[in-house]
1. Determine the pairs where a residue that is in contact (Cβ under 8 Å) with a residue 24 or more places away in the chain, located within the stretch 366-384, has a partner that is in a loop (DSSP other than H, G, I, E, B) and surrounded by fewer than 19 Cβ atoms within 10 Å (Cβ to Cβ) with Cβ atoms under 6 Å apart, the partner being 6 or more residues away or on another chain.
2. Please verify whether G261 is closer than 15 Å to L10 by Cα and touching a helix residue (DSSP H, G or I) at 6+ places or on another chain (Cβ under 7 Å), treating the condition exactly as stated.
3. Does A348 satisfy being of a type in the set (A, V, I, L, M), farther than 25 Å from A380 by Cβ and assigned to a helix (DSSP H, G or I)?
4. Filter the stretch 19-34 down to residues that are open to solvent by less than 50 Å² (accessible area, probe 1.4 Å) and of a type in the set (G, A, S) and give me whichever is nearest to A380 (Cα to Cα).
5. Inspect the stretch 242-253 for any residue being basic (K, R), in contact (Cβ under 8 Å) with a residue 24 or more places away in the chain and surrounded by 23 or more Cβ atoms within 10 Å (Cβ to Cβ) and give the result as yes or no.
6. Starting from residues that are in a loop (DSSP other than H, G, I, E, B) and of a type outside the set (A, V, I, L, M, F, W, C), keep the ones in the stretch 296-323 and report whichever is nearest to G257 (Cα to Cα).
7. Does at least one position in the stretch 87-98 carry a residue that is at negative phi, outside any helix (DSSP H, G or I) and aromatic (F, W, Y)?
8. Looking at G21, G45, can you tell me which residue is in contact with a Leu (Cβ under 6 Å, 6 or more places away or on another chain) and at positive phi?
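The values are calculated or read from the model by the stated rules, or taken from the named source; none is laboratory data. Just so you know, these numbers come straight off a predicted model, no measurement behind them. Methodologically, a virtual Cβ is constructed for each residue, glycine included, from the backbone with ideal geometry; neighbour enumeration extends over all protein chains shown. For the accessible areas, the whole protein counts, side chains as well, though only heavy atoms, and no ligand, DNA or RNA atoms are used. Shrake-Rupley method; radii C 1.70, N 1.55, O 1.52, S 1.80 Å.
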Amino acid sequence: MPNLAADAILVTGLGVASGLGQGRDLFRARLFEAPDIFSVLKREGREGPGGEAVHIGIEMPEPPAILPPRIARTATFSARVAVAVLGEAWRDAGLEDVDPARIGLVVGGTNLASREQALAVARYAGGLDHVPPRHGHMFFDSDIVGVCAAAYPIRGFAYSVGAASASGLAAIIQAMDALRAGRVDVCIALGALQDLSGHELQALRAMGAMGSSRFADRPGEACRPMDADHDGFIYGEASAALVLTRANASPGGRIYGRVLGSGLVADGTRGPEPCTAGQVRAARNALAEAGLTAADIDYVNGHATGTPAGDWAELETYRTLGLTRARINATKSILGHGLSAAGTIEVAAVLMQMQEGRLHPTRNLVRPIDPGFDWVGPEAVDHRIGHALKLSFGFGGANAAVVIGAPDGGGEGR
């Protein structure tokens, strides 16, 4: 057993769902293959203005049926996926014998069921007297929290936190804070599936954040983080749960990695404008808390959405921090942009790469916007990760970063 500090924050369980399939084993196997799973979005409620399927992205299979039928009928798609990834992480960490009062849950994400809400509005527009009572609570973000805490014995606390596309990382940071304060012994950070409707997809495209129709006939080429032909982010359904615990409260078993430091700062912007200064502050806060410098980082998992403004601002963050010796890749090139879930599922990708001693490809990275950095291109590469930096940024000026260390507490990247 590694000699870990008593107050270290360990990741001891993972649950994952994405377009690659359900479960961490499939996720781990296919992550390094980086298959082309992009296509036109066909889930009901994601149609374009004329009712046609026009948006490119990634949709996942239906989650396994875990909830009793009477509960499943009234649970949103996001909630059913959340219960599945939570259950996988729960079993992986061996939480069956932990006191429920010492287990907490933080769900990252807000406005999680907008597609189903839009469908409900259309369905009952002609007769509001017949709206099912369940619609009185399904539009609250607390509904997914309640479904999860009812399905598994979580009695310490359970709540949601919103920071747009930084919500998943914000959930991890909130879980770390709760563990360090001693409020619970185990805390699950869950990045929830943000179920967008055609309205949101069209609005994101109109504002220039989501990719245009330029690659409509070649969906697999549309998602191009940090490439000179980037055209905007491409949506991808995703959800992940991470079980965090203090070293002195761990029930034992596998340790995926150690979360050493975090940073979560506001930059004072309202909309989608990226802010290098805020990104740098978040990263420096995480490094300082970890007792490290940028020179200690040998791998960066970027936010790297593929939006031109976002990629260039993030590149300037890399320059300012001096991340010249780190390998860099972009998980969104494989999974699409999971929005609320992006931070958690991308941390899961960091931990899988740490275990494998390999870095997954960055799809479509043919002409990096700055070839001076050590990008991982279209092929997986061998690389032992000692210390990783994970970044997530969200609309409304949210900038988040965490530093992740190898399970054994040592190791160099090269």
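1. As it stands, the answer is R367/A228; I369/A228; A380/F32; R384/G357; R384/G411, since those pairs meet every condition given.
2. Working: closer than 15 Å to L10 by Cα: yes; touching a helix residue (DSSP H, G or I) at 6+ places or on another chain (Cβ under 7 Å): yes.
Considered against the rule, which asks whether it is closer than 15 Å to L10 by Cα and touching a helix residue (DSSP H, G or I) at 6+ places or on another chain (Cβ under 7 Å), G261 comes out as yes.
3. no
4. Filtering first and then ranking leaves A34.
5. Within the stretch 242-253 (the criterion being basic (K, R), in contact (Cβ under 8 Å) with a residue 24 or more places away in the chain and surrounded by 23 or more Cβ atoms within 10 Å (Cβ to Cβ)), the answer is no, since none of the residues qualifies.
6. Ranking the qualifying residues of the stretch 296-323, first place goes to D298.
7. Looking through the stretch 87-98, none of the residues is at negative phi, outside any helix (DSSP H, G or I) and aromatic (F, W, Y).
8. G45
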